[in-house]
Amino acid sequence: MFISKKKLLATAGIAATTLVASLVTVAAPAAAAVDCAPYASYGKHTGKTVEFNTSILDPEKSTFQKVWKDFETCTGITINFTGTNQFEAQLPVRVAGGTAPDLAVFPQPGLLAKMVETGKVLPAPASVVANVDKYWTKGYKNLGSVDGKFYAAPLGSSLKSLVWYSPKQFAKNGYTVPTTWTQLTTLANRMAAKKQTAFCGGIGSGGATGWPATDWVEQMVLREHGAKVYADWTTNKVKFSDKRIKSAMKKVAGWMQNPKWVGNVKKIATTTFQDAGQGIPTGKCMMLQQASFYAGQFPEKNIIAADGDVYAFYLPGTNPKVKTPILTAGEFVGAFASRPEVAAVQAYLSSAEFATAKVAEGGWATANNGVPLFKYKDPIQRLSAQYLSNKNATAVFDGSDIMPASIGAGKMWTEFTAWFAEGKSIAAVTKALDAAWPKS
Amino acid sequence: MSGFIATNLPKVTSLFTAMAAFFIILAVIFVIAGLVNGKKARPIALVVFLAPAIILLLAGLVIPTGRTILFSFMNPNSDGFVGFENYAWIATDPGVRTVLFNTALWTILTPLFTTALGLYLAVMLDRMRGESIPKSLIFMPMAISFVGASIIFKFMYEYRDPGDSQIGLLSAIVQAIGFGPSNWLLVKPLNTLLLMVVFIWTQTGFAMVILSAAIKGVPTDVLEASALDGATGWKLFRGVTFPMVRTTFVVVLATMVVASLKLFDIVRTMTGGNFGTSVLANEMYSQIFVQFDAGKGSALAVMLFLSVTPIFIYNIRSLRRERSNK
């Protein structure tokens, strides 16, 4: 009796839902006047579903869904957003098991290369190639390519070559934002003379302790020796013990391990990167080299703007021969299916229209230079985009993400932590890293 | 709530189906085994009764051990043999030397200190009025996991610049006395000792309770007889009580040795193995799951396995001996 009653209820429920759904379908065109003209080129794919598998979670997830809602309505495609913080561990399992997602958002080129090895990743369709050629610099296309073949279009990007500071504190002390390395060091010396801590620092990050230090070294390798040496370094053609890498590390030592500027050097090792910049708004320490995403670490009461409580400036280059060096990070969209609706979503995600709509939601930047800078909601993202989309910039990707995981997500963290915490010598650190580089 | 039931009902149903199927299969096997008569009855019964245990033992212990040993002779991806290269790395790498040294420190200092302290407390609190209260208090940290205890102690060792208000208890005390606080977890080898404190804090209660039970097991007439003979205090303890709880003492000690040999959580939570505090189990984890080197990780696992085994054998033997004595 109970079951039949339940069944009855369920049937009634389904009937009601269908009724409502049919009403909505009828009412939709009249109510929300979506202009479908911009989406006409993507075709009609009524009733089709595309899985978009990523490590992106809420609240970022909902802005994606908000931005592509019109696209979904006009093309009839449902984009099934599946976000998991275990993305990097699960994707290889899914691919090996034959249940690969239609689209995967690779957080780093290394994972893309590993998946291309399986032969399951499909080369980018012509429409995506056209978009990427049009909107991105060659460097970004190369990052989405494996062995010269282009697979994945860039999605979001973040700029790592930023220095966070407090405009209010700078104004109070009469400091100006430095635009060259010499100006930066002069400024740091002025701060030191006033008994201020010029640079904040923190490399603590639980199991990933040490990663901010890898960023600092990457910044200096790129700034001192350019993109070629940097690229060779990430593939171990240039060894860690190479004198150029050592000289870059010395440059870092003279900066972030300079007691005159940072105070207690060893404390950097036990300070978490989240805590490191908390002293900026109050002037406890003045500057912190961190990526654009560090904006999220400041309490909401701190206004992030050029005249606010915190803001960032571009970390200047050190070698005039290397033009506007920037260190970036970001995601790339690769496909495991070639169905027309998948290609349509891929093309849409690599378009300037999508990127323009997305940046207006804030908290996100792209290297897509088809996006007008004034469309950016957040000043900090606009600043990032200004460098990310700069065609003359020497842009490279976060090196520790390109190196084998055993180095980039392992030994480099621990060795650089020992360098800061235990004063391990550069010679010993580089020797250990070269020895740990996987043979094969 | 009804939604929860609706989504999980199929799971529960399939669980019960699987369990029912399992019992049906078992019943069928037992019935068949029961039907067999004559000469073959005994061997078949042996197989039927031993099979589940043997299968579980194989799947859960023998095969994984074999695979780990095999992997320890292979490259990081476990698809090519490298001979003794991984063991050579253990023997020569300076980083691993620190790890082995730390592990040795842990296995020597922690068990001795924990067990000795446990014994001391057991003796001191024995037959005290209201002895259950201090005992319960000392035993309580046992209920906290190593990770929980590590987080607590991480806050106790927290360091802020001198002059700032210290949020770490240790730094605050030191500053109040008038010394500058130190970045505790960075100072070698003090940091390893400070990590040991966490272990001792959680495990002393366990040692105390077991030893206290053993002390209570010492017959009163023996104690009275020795008291009549003039043994008191230290003499009574050394000559009578301790020899009678010696076996228990050794078993507790051995348990602590094994626990500190395979210690992982405290180091992982408090320092992540940085600052020269890494131990064997932590290094094994890092090699396999952070640096994806199954070869070196397995070699470390084999090392750990080999060093734990003799203690286990000793432990089981002394337990057996004690049982046969009684």
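The values are calculated or read from the model by the stated rules, or taken from the named source; none is laboratory data. Only a predicted model underlies this, so the values are computations on that prediction, with no experimental measurement involved. Backbone-built Cβ (ideal geometry, glycine too); neighbour counts: all protein chains shown.
Exactly one residue out of A:S158, A:S166 is in contact with a Phe, Trp or Tyr (Cβ under 7 Å, 6 or more places away or on another chain), of a type in the set (S, T, N, Q) and either over 17 Å from A:G317 (Cβ atoms) or in contact (Cβ under 8 Å) with a residue 12 or more places away in the chain (or both): that is A:S158.
The requirement of being within 14 Å of another protein chain (Cβ to nearest Cβ) and under 16 Å from A:L315 (Cβ atoms) is not satisfied by A:A269. Taking the criterion of being crowded, with 23+ Cβ neighbours inside 10 Å and not charged (D, E, K, R), would at least one residue in the range B:305-326 satisfy it? For the range B:305-326, residues crowded, with 23+ Cβ neighbours inside 10 Å and not charged (D, E, K, R): absent. Only one of the numbered conditions (1) surrounded by 17 or more Cβ atoms within 10 Å (Cβ to Cβ); (2) assigned by TED's automatic domain parsing to the domain that holds A:Q274; (3) touching a residue at least 40 places away in the same chain (Cβ under 8 Å) is violated by A:K323, and that is (1). Being more than 30 Å from B:V290 (Cα to Cα), hydroxyl-bearing (S, T, Y) and surrounded by 14 or more Cβ atoms within 10 Å (Cβ to Cβ) holds for only one residue in B:T115, B:T103, and it is B:T115. Checked against (1) under 27 Å from the mean Cα position of the chain (by Cα); (2) of a type outside the set (D, E, K, R); (3) buried (at least 19 other Cβ atoms within 10 Å of the Cβ); (4) not assigned by TED's automatic domain parsing to the domain that holds B:F264, B:I63 meets all criteria but (3). There is no residue in the range A:241-249 that is within 14 Å of chain B (Cβ to nearest Cβ) and surrounded by fewer than 23 Cβ atoms within 10 Å (Cβ to Cβ). Can you pull out the residues in the range A:39-58 that are part of a loop (DSSP other than H, G, I, E, B), among the hydrophobic types (A, V, I, L, M, F, W, C) and surrounded by fewer than 17 Cβ atoms within 10 Å (Cβ to Cβ)? Scanning the range A:39-58 gives a single hit, A:L57.
The residues listed here are B:V267, B:V252, B:V257; of these, the one that is modelled with pLDDT of 90 or more, closer than 20 Å to A:G210 by Cα and within 14 Å of the chain's Cα centre (by Cα) is B:V267.
Would you check if there is a residue in the range B:221-229 being in contact with a helix residue (DSSP H, G or I) (Cβ under 6 Å, 6 or more places away or on another chain) and either in contact (Cβ under 8 Å) with a residue 24 or more places away in the chain or among the acidic types (D, E) (or both)? Spell out the reasoning first.
Narrowing the range B:221-229 to residues in contact with a helix residue (DSSP H, G or I) (Cβ under 6 Å, 6 or more places away or on another chain): B:226.
Next cut, either in contact (Cβ under 8 Å) with a residue 24 or more places away in the chain or among the acidic types (D, E) (or both) only: none.
Looking through the range B:221-229, none of the residues is in contact with a helix residue (DSSP H, G or I) (Cβ under 6 Å, 6 or more places away or on another chain) and either in contact (Cβ under 8 Å) with a residue 24 or more places away in the chain or among the acidic types (D, E) (or both).
Would you check which residues across the range B:183-215 are polar (S, T, N, Q) and over 15 Å from the mean Cα position of the chain (by Cα) and list them?
Of all residues in the range B:183-215, those polar (S, T, N, Q) come to B:183, B:191-192, B:202-204, B:212.
Answer for the range B:183-215, where residues must be polar (S, T, N, Q) and over 15 Å from the mean Cα position of the chain (by Cα): B:N183, B:N191, B:T192, B:S212.
Does A:Q219 fit the bill of being more than 19 Å from the chain's Cα centre (by Cα), buried (at least 19 other Cβ atoms within 10 Å of the Cβ) and more than 14 Å from chain B (Cβ to nearest Cβ)? Please lay out each step first, then the result.
Details: more than 19 Å from the chain's Cα centre (by Cα): no; buried (at least 19 other Cβ atoms within 10 Å of the Cβ): yes; more than 14 Å from chain B (Cβ to nearest Cβ): yes.
No.
When A:M286 is tested against (1) part of a strand (DSSP E or B); (2) within 14 Å of chain B (Cβ to nearest Cβ); (3) of a type in the set (A, V, I, L, M), exactly one condition is not met: (2).
Would you check if B:F84 is exposed (fewer than 13 other Cβ atoms within 10 Å of the Cβ), within 32 Å of the chain's Cα centre (by Cα) and closer than 26 Å to A:W437 by Cβ? Show your work before the answer.
Details: exposed (fewer than 13 other Cβ atoms within 10 Å of the Cβ): yes; within 32 Å of the chain's Cα centre (by Cα): yes; closer than 26 Å to A:W437 by Cβ: yes.
Yes.
Residues of the range B:161-193 that are closer than 30 Å to B:L253 by Cβ, more than 11 Å from chain A (Cβ to nearest Cβ) and either surrounded by 20 or more Cβ atoms within 10 Å (Cβ to Cβ) or among the charged types (D, E, K, R) (or both): B:T192 alone. Can you run down the residue pairs with Cβ atoms below 8 Å, 6 or more apart or on separate chains, where the first is in the range A:371-384 and over 24 Å from A:S166 (Cβ atoms) and the partner is β-branched (V, I, T)? Short answer, once both residue conditions are applied: A:V371/A:T356; A:V371/A:V359; A:P372/A:T356; A:K375/A:T356; A:K375/A:V359.
Being over 29 Å from B:M270 (Cα atoms), modelled with pLDDT of 95 or more, assigned to a helix (DSSP H, G or I) and not small (G, A, S) is a property that holds for A:V221.
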